[in-house]
Amino acid sequence: MSVTDRFDPDGVKCVVWDLDGTLWDEIAVESATDDLPTPRPAALAAIDELAARGVLSSIASRSAPSVLDRLDAVPEVRARFLAPQVSWQDKSESLRRIAKDLGIAVEALVLVDDSPYERAEVEALLPGVRTLAPEDVPALLAAFEGREVTAESRERVRRYRTEETRRAEGERFEGSREEFLRWCDMRLTVGAATADEIPRALELAARTHRLNSSGLTPDRLRELASSDGHELYTARMTDRFGDYGIIGAALVDRTRRTRPAAPADPGVWSVPLLALSCRVAGRGAAAAFLFRLMERARAAGAGEFRVTLRPTDANLEMRILLRQAGLRRTDEIAGGAAGGTGTAATADSAVLGRTLQGDLPGSPAWLHVSDREDAEA
Amino acid sequence: MTDTRERAAVERELRSLIAGAARLDEAVVAELPADTDLFGPRIGLTSLAGVTLLGTIDQRYGVDVAALDLSLDSLQSIATLTDFVASHLQSH
């Protein structure tokens, strides 16, 4: 049985590489010169192949912190890694820091390390983290072979680097948090998805957990998005540091009616799936996307807004976001009377709703939100 | 009497936890009316801050609001959250 059996590639966001004996043959602190050892070509090729599929790479090395300075002197190697940790601390601690710096769950990391001790230490203290020996890397790559390579995936490493720069600026910025957020000049645009945006929307459905309302599968999303009365919306974001691309997707089902249907039914916007990237967490983008969708629903003549919620261990933040937007439990039940598209609640999910009359919540003052009207006809 | 005192203590402490999660001045949150909306302009709780708040409540009181309150009705105001936490404390 392969070590990567039972391996869910969608759960892996970052591969953490050991240095000595893994990324290169030598032991860096033992080399006679200050030059960085030469990385193994196969390791660099693996890192690039993972990056093409949207998987980040980082470093956890138990060595002198000065090795990191030597790494900084070789930009073509350094540029492949985010949030590298080179210190004498335990690898489990390094992995915790990497997860924190990148804003991802520690369980989304995989450690590649030639030392059985280090692998065991991480497995003991971080039971959710998979570890591999360097010779297992080809099997790791094979697990990702089927994954679609989207432009967004390829750009992911660059985006995380932009985020690192942003955070470094944030640490230097003198002023209040709100002043900093304004200074970042964040711009969110919301519009109907164009054909070339659909792979990224499906990817968000597959890869997001914290800010995913229902866990609707990518296959089901693709099917529903192309069916009558449904529309897929996306949110794109930029700030002064760069373009984050598509950071949110929402499927809107306009086939539903209030129950019991009134003669002059103003219509309902139902959202079977709302999914947002954690890449821009803590900046109000998720709330702004949801609030703008509610405004668009009202502008389109809808009287009510609904979202299907399936609570999980991971999506409390989404639940609180929906609560913040004033969405409360409705009595809509499994199967739903209208449409039969299976977007209504099932046993482990609920349909939350709110009226679109009266005041709608407003986006944070530092975010510029606008509609994108470039959708295909 | 004891219940009233306990509830008052929970409310005082929750105000401090809310201030911490929403990055507000504790003294300001201590003075807000009990019916101040958690998501309104005065407190401005965000979803991320809300996750922090429910985490600290669970740590402090052993009351897992996320698990006990599916639609998070308790996250309306300082008072409703206090009521929820205080009532679940008593059932222990």
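If only residues of the stretch B:34-47 that are surrounded by fewer than 21 Cβ atoms within 10 Å (Cβ to Cβ) and free of Cβ contacts under 8 Å to residues at least 24 places away in the same chain are counted, the one that is farthest from the other protein chains (Cβ to nearest Cβ) is B:Arg42. Is there a residue in the stretch A:245-261 that is at pLDDT 95 or above, open to solvent by less than 40 Å² (accessible area, probe 1.4 Å), on the phi < 0 side of the Ramachandran plot and among the basic types (Lys, Arg)? Scanning the stretch A:245-261 turns up no residue that is at pLDDT 95 or above, open to solvent by less than 40 Å² (accessible area, probe 1.4 Å), on the phi < 0 side of the Ramachandran plot and among the basic types (Lys, Arg). Considering only residues in the stretch B:48-68 that are within 11 Å of chain A (Cβ to nearest Cβ) and more than 13 Å from the chain's Cα centre (by Cα), the one that is surrounded by the most Cβ atoms within 10 Å (Cβ to Cβ) turns out to be B:Leu48. Annotation: A:Glu121 fulfils all but one of (1) outside any helix (DSSP H, G or I); (2) among the charged types (D, E, K, R); (3) more than 21 Å from the chain's Cα centre (by Cα); the unmet one is (1).
Which one is surrounded by the most Cβ atoms within 10 Å (Cβ to Cβ), of the residues in the stretch A:52-83 that are under 20 Å from the mean Cα position of the chain (by Cα) and at pLDDT 90 or above? First the steps, then the outcome.
Going through the stretch A:52-83, the residues under 20 Å from the mean Cα position of the chain (by Cα) turn out to be A:52-58, A:80-83.
Pick out the ones that are also at pLDDT 90 or above and you get A:55-58, A:80-83.
Numbers: A:Val55: 23, A:Leu56: 26, A:Ser57: 22, A:Ser58: 24, A:Arg80: 22, A:Phe81: 22, A:Leu82: 19, A:Ala83: 20.
Within the stretch A:52-83, the match that is surrounded by the most Cβ atoms within 10 Å (Cβ to Cβ) is A:Leu56.
Looking at this structure, is A:Ala99 open to solvent by less than 50 Å² (accessible area, probe 1.4 Å) and more than 16 Å from the chain's Cα centre (by Cα)? It is false that A:Ala99 is open to solvent by less than 50 Å² (accessible area, probe 1.4 Å) and more than 16 Å from the chain's Cα centre (by Cα).
Being within 12 Å of the chain's Cα centre (by Cα) and either open to solvent by 10 Å² or more (accessible area, probe 1.4 Å) or over 25 Å from A:Ser176 (Cα atoms) (or both) is the filter here; which residues of the stretch B:9-29 pass it? Residues satisfying the conditions are B:Ala9, B:Val10, B:Glu11, B:Arg12, B:Glu13, B:Arg15, B:Ser16, B:Leu17, B:Gly20, B:Ala21, B:Ala22. Among the residues of the stretch A:177-195, write down those that are more than 19 Å from the chain's Cα centre (by Cα) and open to solvent by 50 Å² or more (accessible area, probe 1.4 Å). Those that are more than 19 Å from the chain's Cα centre (by Cα) and open to solvent by 50 Å² or more (accessible area, probe 1.4 Å): A:Arg177, A:Glu178, A:Glu179, A:Arg182, A:Trp183, A:Asp185, A:Ala195.
Screening B:Gly20 against (1) closer than 27 Å to A:Gly282 by Cβ; (2) more than 14 Å from chain A (Cβ to nearest Cβ); (3) at pLDDT below 95; (4) in a loop (DSSP other than H, G, I, E, B) leaves a single unmet condition, (4).
Taken over the stretch A:202-217, the criterion of being open to solvent by less than 40 Å² (accessible area, probe 1.4 Å) and more than 11 Å from the chain's Cα centre (by Cα) is satisfied by A:Leu202, A:Ser213, A:Ser214, A:Gly215, A:Leu216.
Applying the selection to the stretch A:268-279, what residues are within 13 Å of chain B (Cβ to nearest Cβ) and either open to solvent by less than 10 Å² (accessible area, probe 1.4 Å) or not in a helix (DSSP H, G or I) (or both)? Outline the logic, then answer.
Looking only at the stretch A:268-279, we keep the residues that are within 13 Å of chain B (Cβ to nearest Cβ), and these are A:274, A:276, A:278.
Of everything in the stretch A:268-279, those that are within 13 Å of chain B (Cβ to nearest Cβ) and either open to solvent by less than 10 Å² (accessible area, probe 1.4 Å) or not in a helix (DSSP H, G or I) (or both) turn out to be A:Leu274, A:Leu276.
The values are calculated or read from the model by the stated rules, or taken from the named source; none is laboratory data. Keep in mind that this is a model prediction, so the values were computed, not measured. Note that we place each Cβ from the backbone using ideal geometry, even for glycine, and neighbour counts take in every protein chain shown. Ligands, DNA and RNA are excluded from the accessible area calculation, which covers all protein heavy atoms including side chains. Shrake-Rupley method; radii C 1.70, N 1.55, O 1.52, S 1.80 Å.
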